[in-house]
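K.L.:
One structure, pasted below without further comment.
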Amino acid sequence: MPEIDKKKSLFIFIAALLLFLAVVFAVLGVSFLLKKGEALKPAQSSGEFPPSPALNFPGPPQFFNIAGLYFAGPMSLDLVKEQSAVYYSQSYGLYAVLCKKEENYDIIYLGQTGQQEPEQKCLLENCQQDEEALYFAFLWTPKESPVYNNKSQVLEFLREQIKPACLSKE
C-alpha cells in the first residue's frame, strides 16, 4: 500500500478550495455586473404599506450660542406650546425670546423659567408685530450645574452683554 504524503495532500486540498472560491466569486461578480446591482436593491413597494418611520426622524438638535452658553433652540412658539408641560415640569433654567429676521435671530428677551414672563406687547413691538417670527431658546440647568446656583447672576451677565429690547422688573 503506497504511503500518502500529508504535505502534498494538504497542498492539493488548499489549492482546490482556493480554486472553488475563485469560481464562486467569478460567478457572483459576473451576475452582479449583468444585473447592475439590481439584486441588492429592495423590491418596489406596491404603496399598500405606510412610509417607513426611518424616513421621518427629527433632525439633529440645534443650539444657539448666547455669550458662550449654548441654548437649545431656536424653537417656534407652536413647538414650545406643544411641549411646554415637558419642558417646565422636568427642568429649571434660563430662556431667550428670539425674533427671526430673514435668516438671523435677534434676542429680545432673556429670563428664567418660573419667573415673571415678558410682556407680549413688548415682544410683538420688537418683532414686527409677527407672532410667527417669535422663537425660543432654552438653557436647562441641572441642580449639579454651577449655573443652577448662580442663575440670577448668569442672567444679569447675559442681559448686560446682550441688552435685550424687553426687560422685566425681576
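K.L.:
Does segment 101-159 hold any residues that are under 19 Å from L69 (Cβ atoms) and acidic (D, E), and which are they?
P.N.:
D106, E144, E156
K.L.:
Given (1) of a type in the set (D, E, K, R); (2) modelled with pLDDT of 75 or more; (3) farther than 20 Å from I162 by Cβ, identify the lone condition not met by E103.
P.N.:
Every condition holds for E103 apart from (3).
K.L.:
Would you check which residues across segment 125-146 are part of a helix (DSSP H, G or I) and buried (at least 17 other Cβ atoms within 10 Å of the Cβ) and list them?
P.N.:
The one that is part of a helix (DSSP H, G or I) and buried (at least 17 other Cβ atoms within 10 Å of the Cβ): A133.
K.L.:
Given the conditions (1) within 30 Å of C127 (Cα to Cα); (2) at pLDDT below 65, and given that A39 satisfies all but one, which numbered condition is not satisfied?
P.N.:
(1)
K.L.:
Moving on. Would you confirm, using the coordinates I've provided, whether T141 is in contact with a Phe, Trp or Tyr (Cβ under 6 Å, 6 or more places away or on another chain) and under 20 Å from E82 (Cα atoms)?
P.N.:
no
K.L.:
Just one of A22, A26, A85 is in a helix (DSSP H, G or I), more than 20 Å from the chain's Cα centre (by Cα) and at pLDDT below 80; which is it?
P.N.:
Only one candidate qualifies: A85.
The values are calculated or read from the model by the stated rules, or taken from the named source; none is laboratory data. This one's a predicted model, so the numbers in the text were calculated from it and none came from an experiment. FYI the Cβ positions are ideal-geometry reconstructions off the backbone, even for glycines, and counts take in every protein chain you see.
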